[in-house]
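A.B. asks: Shown below is the structure under consideration.
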Amino acid sequence: MQSVKTQPQVVKESTDIIASISEALLPGETLLITSQSFTTSGITSQLVEELNGPVHVLDTVTSHPQLDFVEASYGQFRERGITNVVCLGGGSVIDVAKVIAGMLPGTTKTVTEVVKEKKALTAFSGRSIAIPTTSGTGAEVTAFATLWDKKSARKYSITCSKPDVVIFEPGLCLSLPRQTTLYAALDAISHAVESLWNVNRTPESEELAIKALQNLLSGLPEVLSDPNNRDARKQLQWGAWFAGSAINITKTAVAHAISYPLTLHYNIPHGLACSFTLRAILEDSGAAQLKIPEDIADNLINVLENLSLKDEMRRFVGWRNIVDDENFYLDPARSENFIFPVDTRWAKKIVLASP
Ligand SMILES: [Fe+2]
């Protein structure tokens, strides 16, 4: 059993989610934030019935959470005297929970004010508990959250606190569809790799990224061949957590910079868009130059090749479309974290070398 205690976050493994949440709750009212799928499967009502104290439910979180949705949800619960915020789900659910928990101290009145004035959210004085179920974004350990605004076609990154407690229950991930599992794990793999070839790399982020890759590269092939393998699912959960911890220090880099316009223009899922170039980037500069241990690099290339990402990508877009696209650009906020200076021309070369 892996375990870790960081300040101020406690991470624990569980086989009994009700008991594990109950142990972590403070006395008082709880807000449970989740998505419809957990309500449909009956887990939401089980939590409402079996957890101590009144439990309020927000179960309408969807992917790419919108600013106005979070604003309205916060308005619904701000006067309820919430002591615990429990979130159960993937990165979007956890991001919404981190923002609402950060709003509850009441120092800022609206979420819009927070994003427009780029304010950091206040630490929640109650208890925030995350039960991540997709093993990808690492939202359970990062101190930032992403919200979207369809009206202005913008995405906002909000500085907030990470949850106080993280609980891994691999049993909750067993029913995840193959593609959701794959794309989430690819996102986590990209986070680990991007934190290694990063100008902000530290000895701590390096150690976290290596642990992430050891878990992810071993767990992913096993989960894909046996989705009910709890131990391998647990490896993915830890892998995503270690990778999230690494990018919490370094932020992401050039593979993420390449991914954003692709997701925006061709709807390529994030985890796929930020991972299909990893092999070409690695081969272009070489593992040693990128300060990636040789054995990890070999294992990474082997796993990525076996996943046939070119076939996954071709479901969404043709390669020439990407490099001929006039709107293709590199987000400098991310590409400048890469350890070598790069430009759009270089990025197109990498995309062409990726199939
Ligand atoms: Fe990512």
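A.B. asks: Whether any residue in the stretch 229-244 is away from the ligand (no atom under 13 Å from the Cβ), at pLDDT 95 or above and among the aliphatic types (A, V, I, L, M) is what I want to check.
C.D. replies: The initial filter retains those residues of the stretch 229-244 that are away from the ligand (no atom under 13 Å from the Cβ), namely 229-239, 241-242.
When the remaining residues are screened for being at pLDDT 95 or above, the result is 229-239, 241-242.
Then drop every residue that is not among the aliphatic types (A, V, I, L, M), which leaves 232, 236.
There is at least one residue in the stretch 229-244 that is away from the ligand (no atom under 13 Å from the Cβ), at pLDDT 95 or above and among the aliphatic types (A, V, I, L, M).
A.B. asks: Which one of these does Asn302 not meet: (1) within 19 Å of Thr142 (Cβ to Cβ); (2) polar (S, T, N, Q); (3) free of Cβ contacts under 8 Å to residues at least 60 places away in the same chain?
C.D. replies: That leaves (1) as the condition not met.
A.B. asks: Let me ask something else. Out of all the residues in the stretch 17-43, which are of a type outside the set (Gly, Ala, Ser), within 24 Å of Lys234 (Cβ to Cβ) and free of Cβ contacts under 8 Å to residues at least 40 places away in the same chain?
C.D. replies: Narrowing the stretch 17-43 to residues of a type outside the set (Gly, Ala, Ser): 17-18, 21, 23, 25-27, 29-34, 36, 38-40, 43.
Still in the list and also within 24 Å of Lys234 (Cβ to Cβ): 17-18, 21, 23, 25, 32-34, 38, 43.
Across the stretch 17-43, the qualifying residues are Ile18, Glu23.
A.B. asks: Look through Asn337, Asn302 and report the one residue that is surrounded by 14 or more Cβ atoms within 10 Å (Cβ to Cβ) and at pLDDT 95 or above.
C.D. replies: On the way: Asn302 fails: surrounded by 14 or more Cβ atoms within 10 Å (Cβ to Cβ).
The conditions single out Asn337.
A.B. asks: What are the pairs, 6+ residues apart or on separate chains, where a residue within the stretch 258-287 that is closer than 14 Å to Asp325 by Cα has its Cβ under 8 Å from a residue that is of a type in the set (Asp, Glu) and more than 16 Å from the ligand (Cβ to nearest atom)?
C.D. replies: What qualifies is Pro261/Asp325; His265/Asp325.
A.B. asks: Take the residues in the stretch 191-236 that are open to solvent by 30 Å² or more (accessible area, probe 1.4 Å) and small (Gly, Ala, Ser); name whichever of them is nearest to Glu13 (Cα to Cα).
C.D. replies: Among those residues, the one meeting the criterion is Ser218.
Yes/no matrix, rows are residues, columns are (1) within 16 Å of the ligand (Cβ to nearest atom); (2) within 16 Å of the chain's Cα centre (by Cα); (3) closer than 22 Å to Cys87 by Cβ:
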position	(1), (2), (3)
Pro170	no, no, yes
Ser175	no, no, yes
Leu186	yes, yes, no
Ser190	yes, yes, no
Val199	no, no, no
Leu208	yes, yes, no
Lys211	no, no, no
Leu216	yes, yes, no
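A.B. asks: Just to check your reading of the model, which residue among Arg178, Arg127, Arg78 is open to solvent by 10 Å² or more (accessible area, probe 1.4 Å) and free of Cβ contacts under 8 Å to residues at least 40 places away in the same chain? I'd like the intermediate steps shown before the answer.
C.D. replies: Numbers: Arg178 fails: free of Cβ contacts under 8 Å to residues at least 40 places away in the same chain; Arg127 fails: free of Cβ contacts under 8 Å to residues at least 40 places away in the same chain.
Residue meeting the stated conditions: Arg78.
A.B. asks: Determine, yes or no, whether Ala97 is of a type in the set (Gly, Ala, Ser) and either surrounded by 15 or more Cβ atoms within 10 Å (Cβ to Cβ) or over 21 Å from the mean Cα position of the chain (by Cα) (or both). Spell out the reasoning first.
C.D. replies: Values: of a type in the set (Gly, Ala, Ser): yes; either surrounded by 15 or more Cβ atoms within 10 Å (Cβ to Cβ) or over 21 Å from the mean Cα position of the chain (by Cα) (or both): yes.
Taking the combined requirement at face value, the residue satisfies it.
A.B. asks: If a residue has to be in a loop (DSSP other than H, G, I, E, B) and either among the hydroxyl-bearing types (Ser, Thr, Tyr) or surrounded by 13 or more Cβ atoms within 10 Å (Cβ to Cβ) (or both) to count, how many in the stretch 27-51 make the cut?
C.D. replies: Going residue by residue through the stretch 27-51, those that are in a loop (DSSP other than H, G, I, E, B) are 27-28, 34-35, 41-42, 51.
Still in the list and also either among the hydroxyl-bearing types (Ser, Thr, Tyr) or surrounded by 13 or more Cβ atoms within 10 Å (Cβ to Cβ) (or both): 28, 34-35, 41, 51.
Of the residues in that region, 5 qualify.
A.B. asks: Let me ask something else about it. Just give me the residues in the stretch 143-168 being of a type in the set (Phe, Trp, Tyr), away from the ligand (no atom under 15 Å from the Cβ) and surrounded by fewer than 23 Cβ atoms within 10 Å (Cβ to Cβ), in sequence order.
C.D. replies: Taking the stretch 143-168 as the starting set, the residues that turn out to be of a type in the set (Phe, Trp, Tyr) are 144, 148, 156, 168.
Then drop every residue that is not away from the ligand (no atom under 15 Å from the Cβ), which leaves 156, 168.
Result: Tyr156, single match.
A.B. asks: Give me a count of the residues in the stretch 245-267 that are assigned to a helix (DSSP H, G or I) and within 13 Å of the ligand (Cβ to nearest atom).
C.D. replies: Of all residues in the stretch 245-267, those assigned to a helix (DSSP H, G or I) come to 245-250, 254-266.
Keeping just the survivors that are within 13 Å of the ligand (Cβ to nearest atom) gives 246-248, 250, 254-260, 262-263.
Looking only at that region, the number is 13.
A.B. asks: Another one. Which of (1) assigned to a helix (DSSP H, G or I); (2) in contact (Cβ under 8 Å) with a residue 40 or more places away in the chain is the odd one out, the single condition Glu113 does not satisfy?
C.D. replies: It fails just one condition, (2).
A.B. asks: For the stretch 268-281, how many residues meet the condition of being assigned to a helix (DSSP H, G or I), within 11 Å of the ligand (Cβ to nearest atom) and open to solvent by 10 Å² or more (accessible area, probe 1.4 Å)?
C.D. replies: Adding up the residues that qualify gives 1.
A.B. asks: Another question, then. I'd like the full set of residues that are open to solvent by 40 Å² or more (accessible area, probe 1.4 Å) and among the β-branched types (Val, Ile, Thr), limited to the stretch 343-354.
C.D. replies: Going residue by residue through the stretch 343-354, those that are open to solvent by 40 Å² or more (accessible area, probe 1.4 Å) are 343-345, 348-349, 352-353.
Correct list: Thr344 only.
The values are calculated or read from the model by the stated rules, or taken from the named source; none is laboratory data. As the structure is a computational prediction, the values presented were derived from the model and not from experiment. Positions of Cβ are backbone-derived with ideal geometry, glycine not excepted, and every protein chain shown enters the neighbour counts. The area values use the complete protein model at the heavy-atom level, side chains included, leaving out ligands, DNA and RNA. Shrake-Rupley method; radii C 1.70, N 1.55, O 1.52, S 1.80 Å.
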